[in-house]
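As structure tokens, the structure follows; a few thoughts come after it.
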Amino acid sequence: MTSFREDGYAAVDWAARYLEEVGDHPVLAQVSPGELSSKLPASAPEEGEPFANVLRDMDELIVPSLTHWQSPRFFAYFAVTASEPGILAELLAAATNQVALHWRASPASTELELRVVDWVRQLLGLPDGWHGHIEDTASTSTLAAIIAARHITGRNVVVCSEHAHSSVEKAARMLGMELRKQPTVELAMTTDGSFDDVACVVATVGTTSFASVDPVRALAAKAHDAGAWLHVDAAYAGSAWICEEERWSQDGVELADSLVVNPHKWLMLPMDCSLLWTSRPEDFRTAFSLVPEYLRTPEDVYALSEYGPALGRRFRALKLWAVLRCYGAEELRAVQREHIRLAGAFADLVEQSPDWELVAPQRLSLVVFRKNASDEENEEVVERANRSGEIFLSHTKLDGRYCIRLAVGNARTTEADVRRAWEVLNR
């Protein structure tokens, strides 16, 4: 049997080779549903195998069935990058295998999380005194915020934009709460109607479909006058606040009761890492704190599990710490500015062509557009482009019309990749 070191060197070598070659793979997996399953044993092996067999099957079975989120031509959803420091930090987090039930169970995980989340707060220009911690995804962060809002207000209504992320509707459904979707004007949520019976108003900064921005300041004033909680979903766009020129979308966010930003979307972190802040930490803790006897300790100090749904908590802060240190704020800003420039270059190509149109203004690194043709033809163009393996795009709808989304977010994406996407779509 080989040693952990030998297998580890082989695994890191495999990862390095994968990252070097990821642009050579078809971006969208070129397999049919069930194709991988048919090649996997129906039951677990009785006897162990060498780790080398796992790496072999990564090449032969797993990689052909991957949709390559690390590809420079992945333009679907919100493209992301797992950077090398973050990948290595994930290895260290798995090696130390921390379970941060409370401070005593992992002083390092607890205190590092508090510190690095506050580093990000400062980088984003958020108010002093906000309490921040890490959840897995924005879906969980938003669910936690709505739970806190219901607990504090005693009400059962959630209000959001018709363009809000589906996690808001899902949270309301899971909690048995009534959901009211507000109409929009120029893709931004209106403040129409009464909020008097509302538990939580969810304002979005950077909607999934269009990166549109709700009027947070006006919504905050109306929500608080009615005694409602204001939660801001800035899962994608919030990371851009590290750039001073992008803080136009932050207007009014300082009035939020809670806020979510996902560093795994645009700050070079591997999935998953969602930052959840609250300006009302004691109210938040009241909603979630439950300390059974077996978790009581003589220190009786900080337990981040008292601020959200999960008790067991991974050492996610380690990869955030590593990426912030190894990149530095200036390099992260440079990456984002380049992504915004590349999206602008693609938007220019769309605007200059008589065959295509922008259906929403370019915001940040997202371009939403369509061919001047039927919905069926637009859908066929996207499917043919995706099946080619050269690029991967996703779509949305606006007023019932099929629209194409191109989101730049991978650190390896160059202008050549963006121009290739344009060539593929036109071909």
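Miscellaneous remarks
- More than 23 angstrom apart: percent of Cα pairs within the range 160-244: 17
- Estimated FRET transfer efficiency when R0 is 45 angstrom, pair residue 251-residue 374 (beta carbons, to 0.05): 0.70
- For residue 371, the aspartates and glutamates whose Cα comes closer than 12 Å to its Cα, not counting residues fewer than 8 places off in the same chain, are 351, 355, 357, 379, 380.
- Top of 244, 113, 338 by mean-square fluctuation, Gaussian network on the chain, Cα under 10 Å: 244
- Peptides 45-51, 26-32 ranked from most to least packed, by the mean per-residue count of other Cβ atoms within 10 Å: 26-32, 45-51.
- Taking 0.36 nm per residue of sequence separation and removing the Cα-Cα distance, the residue 67/residue 7 pair yields an extension gain of 19.1 nm.
- Accessible area of the range 353-427 belonging to carbon and sulfur atoms, whole % at 1.4 Å probe: 43
- You can think of it this way: the chain between residue 175 and residue 221 has 14.0 nm of extra reach, that is 0.36 nm per residue less the Cα-Cα gap.
- Note that the range 216-298 shows a convex hull volume over its alpha carbon atoms of 132 Å³ per residue.
- Lysines with Cα under 19 Å of residue 265, excluding same-chain neighbours fewer than 8 positions away: 319
- Cβ-defined net charge surrounding residue 144, 14 Å radius [Lys, Arg +1; Asp, Glu -1]: -1
- Relative contact order [Cα under 8 Å, 6+ residues apart], the chain, whole percent: 22
- Remark: the residue 345-residue 290 segment gains 14.6 nm on full extension, using 0.36 nm per residue and subtracting the alpha carbon distance.
- Adding -39500 (n - 2.57) for every DSSP H run of four residues or longer, then dividing by how many residues the chain holds, sets the calculated 222 nm ellipticity at -12500 deg cm²/dmol.
- DSSP-defined beta bridges in the chain - what % are antiparallel, rounded to 5: 60
- R0 of 41 Å, Cβ-Cβ distance residue 31-residue 352: FRET efficiency to nearest 0.05: 0.65
- Packing-based ranking, highest mean first, of 247-258, 68-79 given that Cβ atoms within 10 Å are counted: 68-79, 247-258
- Annotation for residue 115 and residue 42: the two label points, set 7 Å from Cα along the Cα-Cβ direction, are 5.4 nm apart.
- Enclosing the Cα atoms of the chain in their convex hull gives a volume equal to 168 cubic angstrom per residue.
- Of all accessible heavy-atom area on the range 29-161, the percent that carbon and sulfur account for (1.4 Å): 57
- Rounded to the nearest 5, the antiparallel percentage of DSSP beta bridges internal to the range 160-283 is 40%.
- Distance between the modelled labels on residue 197 and residue 97, one decimal in nanometres: 5.2 nm (7 Å Cα→Cβ projection).
- Debye log10 I(q)/I(0) for the range 311-427, one point scatterer per Cα, at q = 0.09 Å⁻¹: -0.32
- Lysines with Cα under 19 Å of residue 222, excluding same-chain neighbours fewer than 8 positions away: 181
- Ordering of 34-42, 149-157 by packing [mean C-beta count within 10 Å, highest first]: 149-157, 34-42
- Spin-label zone in the range 18-34 - amide nitrogen under 14 Å from a point set 7 Å from the Cα of residue 55 along the C-beta vector: 18-19
- Distance between the range 6-21 and the range 356-427 - C-alpha centres, whole angstrom: 33
The values are calculated or read from the model by the stated rules, or taken from the named source; none is laboratory data. Note that the structure is a prediction, hence the values are computed from the model and not measured. For neighbour counting, all protein chains shown are included, and Cβ atoms are generated from backbone atoms with ideal geometry for every residue, glycine included. These accessible areas exclude ligands, DNA and RNA; they are computed on the full protein's heavy atoms, side chains included. Shrake-Rupley method; radii C 1.70, N 1.55, O 1.52, S 1.80 Å.
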